[in-house]
1. Using R₀ = 35 Å, calculate the FRET efficiency as 1/(1 + (r/R₀)^6) where r is the Cβ-Cβ separation of ASP129 and ILE342; round to 0.05.
2. When a/c is below 1.5 the answer is rounded, else prolate if a/b is larger than b/c, else oblate, so apply that to region 61-180 with a ≥ b ≥ c taken from the square roots of the Cα gyration tensor eigenvalues.
3. Take the alpha-carbon centre of region 104-148, take the same for region 36-86, and report the distance between them in whole Å.
4. Can you give me the angle between helix 428-443 and the longest principal axis of the chain, using Cα atoms only, in degrees from 0 to 90, rounded to the nearest 10?
5. Give me the angle, in degrees from 0 to 90, between the Cα long axis of helix 112-125 and the longest principal axis of the Cα atoms of the chain, rounded to the nearest 10.
6. For region 161-174, what does the Karplus curve 6.51 cos²θ - 1.76 cosθ + 1.60, with θ = phi - 60°, yield as ³J(HN,Hα) per residue in whole Hz, taken in order and with x for Gly and Pro?
7. Filter the cross-link list LYS265/LYS358; LYS40/LYS443; LYS317/LYS443 down to pairs whose alpha-carbon distance in this structure exceeds 32 Å.
8. Using R₀ = 60 Å, calculate the FRET efficiency as 1/(1 + (r/R₀)^6) where r is the Cβ-Cβ separation of CYS220 and LEU325; round to 0.05.
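The values are calculated or read from the model by the stated rules, or taken from the named source; none is laboratory data. As the structure is a computational prediction, the values presented were derived from the model and not from experiment. As a convention, Cβ positions derive from the backbone with ideal geometry for all residues, glycine included, and neighbour counts pool all protein chains shown. To get the accessible areas, we keep the full protein, side chains included, count just its heavy atoms, and leave off ligands, DNA and RNA. Shrake-Rupley method; radii C 1.70, N 1.55, O 1.52, S 1.80 Å.
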Amino acid sequence: MLEMKNIKKSFGKVEVLRGVDLEVRAGEVHALLGENGAGKSTLMKVLCGIISASAGTIRIDGEECAFANYDAAIAAGVGIVFQEFSLIPYLSAVENMFLARELRNRFGLLDRRAMRKRAQEILQQLDVDVPLNAPVSRLSVAEQQFVEIAKALSLDARILVLDEPTATLTPTEVERLFKVIRELRRKGVAIVFISHHLEEIFQICDRITVLRDGDYIGTCDVADVNNDTLVEMMVGRRIEQSFPPKLEILAETDIVLDVEAVQLKRGGPVSSFALRRGEIIGFAGLVGSGRSETAMALLGAFPGATCRMKLEGKDVKFTEPADALAAGIGLLPESRKEQGLITSFSILRNISINNYGKYRKNHWFIDLKKELACTQKAMRQVSVKATGPNDRLDTLSGGNQQKVVVARWINHDMKILIFDEPTRGIDVGAKAEIYQLMRELTKQGCSIIMISSELPEVLGMSDRVCVFRGGGIVATVEGEDITSEKIMTHATTGRQDHAA
Ligand SMILES: Nc1ncnc2c1ncn2[C@@H]1O[C@H](COP(=O)(O)OP(=O)(O)OP(=O)(O)O)[C@@H](O)[C@H]1O
Ligand SMILES: [Mg+2]
């Protein structure tokens, strides 16, 4: 159905696609794999007419085509779920889904009822409950992800590209999405699927194409590869996919943050937990279970929430995140594009933006040399792939943007770091490095709250796990009890009155 041959693309002097091939059959789920910055999203943007290739041909059903823009691609039956969301924040889910393709009645007026109905049908297919009329900026990241997916599904495309659709979804939601993908496959849709979660590739994909640094490495059947060979094709070397050792004696270390009562809204569940020095607490739960909201509430960034807590034994109350920052608590937010980064700024500015206190020479001047040196060190630590620290953020691949958000916090000497989905969109090799860094931080006395939808990460990194359901903590597990079965059971059936 789809044949891309010898595709080349350069941005300025940098060649990011160097003769890439991709063939996708009707009724096939085809994985596109590669490290951060390998060129996956770029190749898909070429396909959809969003950027134009410097060379190469695209054929659909044997017919050569080159789309001038995304509308032309849609008209030819090509749809994409973007890695960086394309939603307009002020519009509702329905308005976003039908933007520029509004359904009209026979008088030429907007047929809101028909659009709403169609939107509901698609979301029902996905088995999710997303508010249809609220501006999407008010939805959670996972809900926005579903709107983005629904928007692409509403195109009824023959060729559908999914660029990291699962990056913020929990296993339960991923399974719902997979059900829909299998259905589309049965109907003969050609699907390109991009993900850094290799277990998903084995679950849903039929064939695989691997890119490395803009080069085409090869295409093979999923049945012919295993995890290790796949990683080797992607990174060109073997990777030890192990987690750093956990804390040994937990009970004896002192409590840094004692959260006595946090409540998201009046009448809602009340949660409590204590964070020890050098400990990593994992926040697990389904999408919408209140993990991110609770983290925001601690920092005074969740309107309507109340929170009573002690930081190093002293009562504290934050009215905004800046207060928390001054007290030594930092947050790496879930949504890098809206909350984590200024994409029109350079890497340098993005990393140093809350570090300026440290770079101060005196009352008036900033030590620019020190700023540059620290930034370069942080970039090396998380291996950001870019031409240099002055690159604008919006020229980086999604995974590399995420590395920049992480880089900002690692040399900051914070008491507590709250990491919300820290490895979202980060490839296997770089992930292992970030896990190592997180453990290093805890050895220096920092405590971490890690919110993650990726179960292996929660299991591998957490000294203790707080499981959320319905807006509060329903269970806390530690040691041997940190298993996927226990966590999933609490996350799906845990009751509030079980909370300590
Ligand atoms: N507008 C741009 N200007 C300059 N360079 C760009 C631009 N867009 C992408 N690049 C570069 O092209 C390369 C490939 O980026 P791309 O987004 O395709 O990677 P990717 O494989 O999707 O990675 P990820 O897994 O992180 O999403 C990167 O090195 C990126 O910095
Ligand atoms: Mg990408």
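1. On the way: r = 33 Å, r/R0 = 0.94.
That pair, ASP129 with ILE342, gives E of 0.60.
2. On the way: a/c = 1.67, a/b = 1.07, b/c = 1.55.
Oblate, because a/c is 1.5 or more while a/b does not exceed b/c.
3. 25
4. Computed tilt is about 10 degrees.
5. 70
6. 9, 10, 8, 6, x, 9, 4, 10, 9, 8, x, 4, 6, 4
7. Working: LYS265/LYS358 37 Å; LYS40/LYS443 36 Å; LYS317/LYS443 27 Å.
Pairs exceeding the cut-off: LYS265/LYS358; LYS40/LYS443.
8. Result of the calculation: an efficiency of 0.80.
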